[in-house]
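Structure below; questions to follow.
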Amino acid sequence: MLLWINGPYGGGKTQTAYELRRRLPGSVVCDPEHIGFGLHRTLPPELRTDFQDLRAWREGVHEVLDLALREVKGPVIAPMTLVEPRYFEEIIGRLRAEGGHEVRHFALLAERRLVLRRLSERGLGRGLKRDSFAVRHLDLCLERLSGPEFAEHIHTDELTVPQVADRVAASAGLRPLPNTDGALRHRLRRTRIGLRHIRFD
């Protein structure tokens, strides 16, 4: 089973994915963003646009996830913002139709001001860059992902990361291990995951 965790940038996708991996034995995280970063690094800076527009990215994500789904015994978890319906069909539609894989898609949604606050908090104290890619695409993400084609929707405004993970797992018919983290350990875990996924290029 593939659990695709969609949502706006700063919507909690990565934190939710790693919470699921922690509590679903045998599960793995396959982050499609890393394929995009690799493609960007092979291009000169002036040619680095949205890597999702590269057919190589979409083909690569499909191939990698298809392989993982065939070889990994547990759930495969993919945290990735994907709001273009055609690209959604090229990857997720093909995995369902051609690969015969069970794909469960979840869009994590929240109020705009909350997403902006989350984006600001993950900036290592540098504040929110108003011209950043994430902010410039926030409204489009929230609008597109609220559509029925991007269901199942999970509104995270009043939920903790473990609660979001519980919702995802329950909807997919999976039984995660209990969350035994206290408040301090949960905060430290979130900080560690956030630091591991900071990009400097």
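Taking all protein chains in place and a 1.4 Å probe, what share, in percent, of the accessible surface of region 1-73 do carbon and sulfur account for?
In region 1-73, the share of accessible area belonging to carbon and sulfur is 53 percent.
Can I ask one more? Over region 1-106, average the accessible area per residue using a 1.4 Å probe and give it in Å², no decimals.
Ligands and nucleic acids excluded, the figure is 44 Å² per residue.
Normalising by the residue count of the chain, find the relative contact order in percent from Cα pairs under 8 Å and 6+ residues apart.
32 percent
Whole-Hz ³J(HN,Hα) for each residue in region 65-80, computed from phi via Karplus 6.51 cos²θ - 1.76 cosθ + 1.60 with θ = phi - 60°, x for glycine and proline: what do you get?
Those phi angles translate into 5, 4, 5, 4, 5, 7, 10, 8, 6, x, x, 9, 10, 10, x, 6 Hz.
Ranked highest first by the average count of other Cβ atoms within 10 Å around their residues, in what order do 176-187, 84-95, 7-18 fall?
The peptides rank, most packed first, as 7-18, 84-95, 176-187.
Could you pull out which residues in region 23-50 have an amide N less than 17 Å from a spot 7 Å beyond the Cα of Lys73, following the Cα-Cβ vector?
Only 23-29 fall inside the zone, counting backbone N under 17 Å.
As a test of the definition: which semi-axes, in Å, follow for the chain when you take the square root of five times each eigenvalue of its alpha carbon gyration tensor? Largest first, please.
So the equivalent ellipsoid measures 23, 23, 17 Å along its semi-axes.
Here is a follow-up. Given a Förster distance of 41 Å, report the FRET efficiency between Arg175 and Glu46 from their Cβ-Cβ distance, rounded to the nearest 0.05.
Computed FRET efficiency for Arg175 and Glu46: 0.25.
What are the ³J(HN,Hα) couplings of region 5-18, residue after residue, when phi is run through the Karplus curve with 6.51, -1.76, 1.60 and θ = phi - 60°? Round to Hz, x for glycine and proline.
9, 9, x, x, 4, x, x, x, 4, 5, 4, 5, 4, 6
Now for a different question. With labels modelled as points extended 7 Å from the Cα through the Cβ direction, what inter-label distance (nm, one decimal) is found for Asp139 paired with Leu184?
Each label point is offset 7 Å from its Cα along the Cβ direction, giving 4.4 nm.
Mind listing the phi-derived Karplus ³J(HN,Hα) values for region 50-57, rounded to whole Hz, using 6.51, -1.76 and 1.60 with θ = phi - 60°, and x for any glycine or proline?
Working through the residues one at a time gives 5, 5, 5, 6, 7, 4, 4, 5 Hz.
For the chain, modelled as a GNM with alpha-carbon contacts under 10 angstrom, which of Phe37, Phe106, Phe150 fluctuates the most?
Its mean-square fluctuation being the largest, the pick is Phe37.
Another question, then. Using amide H atoms built in the peptide plane, which far-off residues or other-chain residues are under 5 Å from Val103 H to H?
Long-range HN contacts for Val103: Leu2.
The values are calculated or read from the model by the stated rules, or taken from the named source; none is laboratory data. All values reported here derive from a predicted model rather than from experimental measurement. Backbone-built Cβ (ideal geometry, glycine too); neighbour counts: all protein chains shown. Protein only, heavy atoms only, side chains kept; ligands, DNA and RNA dropped before computing areas. Shrake-Rupley method; radii C 1.70, N 1.55, O 1.52, S 1.80 Å.
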